[in-house]
Structure formats: structure tokens, C-alpha cells
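The values are calculated or read from the model by the stated rules, or taken from the named source; none is laboratory data. Only a predicted model underlies this, so the values are computations on that prediction, with no experimental measurement involved. Because the Cβ atoms are built from the backbone with ideal geometry, glycine has one as well, and the counts that use them run over all protein chains shown. Heavy atoms of the whole protein, side chains included, go into the accessibility calculation; ligands, DNA and RNA do not. Shrake-Rupley method; radii C 1.70, N 1.55, O 1.52, S 1.80 Å.
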Amino acid sequence: MKEIEEALLQGAIDLAVHSLKDVPAELAEGLVLAAIPDRADNRDALVSRDGARLADLPAGARVGTTSLRRVCQVHALRPDLCLEPLRGNLDTRLRKVADGVVDAAILACAGLDRLGFADRITERLSIEQMLPAIGQGALAIEIRETDQRSKLLCRSLASAEAEITVTAERALLRHLGAGCRTPVAGCALVRQGQLHVHGLVGRPDGTVILRESVTGPTKRAEALGIDLAEALLAHGADRILAESG
């Protein structure tokens, strides 16, 4: 991402499209997110070789993921499963499941849907089972802050609901100040005109998981994200974050 942002700042390109969950809470100076288009399914998916759902995997089954957020939550749900690193692009990860390198993998629904692999999904995990990564399922269009022409063009792609939800989630992430070594999750949903924001901070081994939720009007999206971060910090997230450095 750093190379892409340098190209933007140097004027070699006029916009960049990112998976929002990979975009840091603080952007490089001089850059802004111009628009968040319609959001795809932000949940996680289980892909298993034999079609078993997460609750039905046999004890000792090997589940592949490189995400500490997923490792933490799987440990809490199924401490009898074996978590194994799973790297490579989506094709490679799916092939490792099919070839028996692992018995199952946890992947993002959005990636599977967008690349035509929805039929490989065994189970779409609820946010109660597996709280998603902040920004998961959303794309972000990044531009130079001074580029008003690109901003105007990009705004035609913006989704009001997607921008409300990611505003809350990214405010949560910013206020927690979490690094990549701490399992942090966040999900905001608009229901009946209200914004519901859920957050999680945990230890990688799943021995401690803190969950909090807040609800309020959509116009308070950023404030609700900050309120949620404060609630998590007040209940011990600060100590977990300090442990991970």
C-alpha cells in the first residue's frame, strides 16, 4: 500500500482502490478516502473439505487462517481445533483445503463472492460467532486531498450506508490505537434507522475476549465508534493492547 500511496502523492496515478480492512486508521498526509461504494457481505466464511460446519468439525480438525482475530475467536468457540497458518492467494488457500493440507479454512465472504467462489462456502459465520475485521467487505477509493475533480467523480460511487458503517468502525480502531499483533474486530450495522456498533479485543489464545456494543443515531457514527472504544478500554482492553506492545 505504501508504494501505491507514494504514486498517488507523486501524481503518477490519480486514485487507488483498496480493500478497506487493509487501510490503516491514519492515512498518509495529503491523502483522503474519496468514497466507499456499496459494501459486500462483511462476514467470515468457513470452507471445509467435507462440508462440515464449524460446530460439527471433529476434535483435532485442522483449520487454516493467518488472522489473529480469527484465531482468537476460533480458540474461544472451539478450543479443541488445531489452528494452522494458511498463506497464499485465494486460489491457493482453497486448493489447500481441497488437497487436505487443512480440513477447513476461514476466509472473507466478500472475497469468495467477488471472485466467483460462493459455492465453496460451507457456512457464513454470524457476527455472534465471528466478529469481522474492521472495514471487511468494503472497498475504499483513495485520492489526493487537493484533487477536487477526482473527488467529484468518485462521489457518484459512494454508498451512504457503507460510509456510515465504516466511519464508526474506523473511529473504533483509531481510538483503540491497536496494532496488527492484537486481535481486534468491529462491525457496524444500520437497522431501522439506528446504528449498532459491535467491537472486540482479545488475546490471541482466546483466553480473554472483551465484547461491547453501542447503539445510536447514524449521524453519530464517529462518536459511537469512540464510545465503543472507551467502553472496551474501560473493561480491560488497555491491558490487552499493552501486552502486545
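Kindly establish whether Ala98 is within 29 Å of Gly199 (Cβ to Cβ) and small (Gly, Ala, Ser). In short, no.
Kindly provide the set of residues from the range 158-172 that are of a type in the set (A, V, I, L, M, F, W, C), open to solvent by 40 Å² or more (accessible area, probe 1.4 Å) and out of contact with any Ser or Thr (no Cβ under 7 Å at 6 or more places or on another chain), ordered by number. Matches in the range 158-172: Ala160 only. I need every pair where a residue in the range 30-55 that is at positive phi has its Cβ under 8 Å from the Cβ of a residue that is in a loop (DSSP other than H, G, I, E, B) and open to solvent by 50 Å² or more (accessible area, probe 1.4 Å), sequence separation at least 6 or different chains. Close Cβ pairs satisfying both conditions: Gly30/Glu145; Gly30/Thr146.
I'd like to know if the range 218-238 contains one or more residues that are polar (S, T, N, Q) and modelled with pLDDT of 95 or more. Yes: one or more hits.
The set of residues in the range 30-69 that are out of contact with any helix residue (DSSP H, G or I) (no Cβ under 7 Å at 6 or more places or on another chain), hydrophobic (A, V, I, L, M, F, W, C) and part of a loop (DSSP other than H, G, I, E, B) comprises Ala52, Leu57, Ala59, Ala61. A search for C-beta distances below 9 Å between a residue of the range 117-130 that is over 17 Å from Arg70 (Cα atoms) and any residue that is open to solvent by 40 Å² or more (accessible area, probe 1.4 Å), counting only pairs 6+ apart in sequence or on different chains, returns Phe117/Asp91; Arg120/Ala98.
Restricting attention to the range 187-206, the residues being open to solvent by 10 Å² or more (accessible area, probe 1.4 Å) and either touching a residue at least 24 places away in the same chain (Cβ under 8 Å) or charged (D, E, K, R) (or both) number 10.
Within the range 126-159, being under 21 Å from Asp113 (Cα atoms) and in a strand (DSSP E or B) holds for Leu139, Ala140, Ile141. The set of residues in the range 28-53 being open to solvent by less than 20 Å² (accessible area, probe 1.4 Å) and within 18 Å of Lys96 (Cβ to Cβ) consists of Asp44, Ala45, Leu46, Val47, Ser48.
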